[in-house]
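Just below is one structure, and these are the notes that go with it.
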Amino acid sequence: MGEDIVRVGGKIIGRIAGGVFYKPVRGSTDMLHTPRAWCIDMEAFERHIRPKADRIVITDEDDGVEYHATVAYFDRHKREVSRRWGRQYVLGFERWRNSADEQLGLFGDD
């Protein structure tokens, strides 16, 4: 299976490989602050991510923490916002599993 580059307005926002959508971000500049959430462009999600991926991995390049969700979970719990970057789907921080919490043993195996 190959790799698909996901673009919005000509800008690369991530890639899909092996059924996973990978999106690099910088928490210091890319995080939505109210509510605290990670965003995915609505059109990119509908056209590329939902049909081609099963999981989402967002990597904060500021601290190396990875945030994980299945596409189905993201789709069920997402909210829509439209701010300066256009229509986006957001999933609040509390809904993502992240590598820092998993290292601390804060999540069970369920």
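Taken over the range 13-40, the criterion of being over 14 Å from the mean Cα position of the chain (by Cα) and of a type outside the set (Gly, Ala, Ser) is satisfied by Thr29, His33, Thr34, Pro35. Entry remark, the range 40-78: residues being loosely packed, with under 15 Cβ neighbours inside 10 Å, more than 22 Å from Gly9 (Cβ to Cβ) and basic (Lys, Arg) number 1 in total. Within the range 1-49, the set of residues being more than 17 Å from Arg97 (Cα to Cα), in a helix (DSSP H, G or I) and not polar (S, T, N, Q) comprises Asp30, Met42, Glu43, Ala44, Phe45, Glu46, Arg47, His48, Ile49.
No lab work stands behind these numbers, since they all come straight from the coordinates. These numbers were taken from a predicted model, which means no experiment stands behind them. Backbone-built Cβ (ideal geometry, glycine too); neighbour counts: all protein chains shown.
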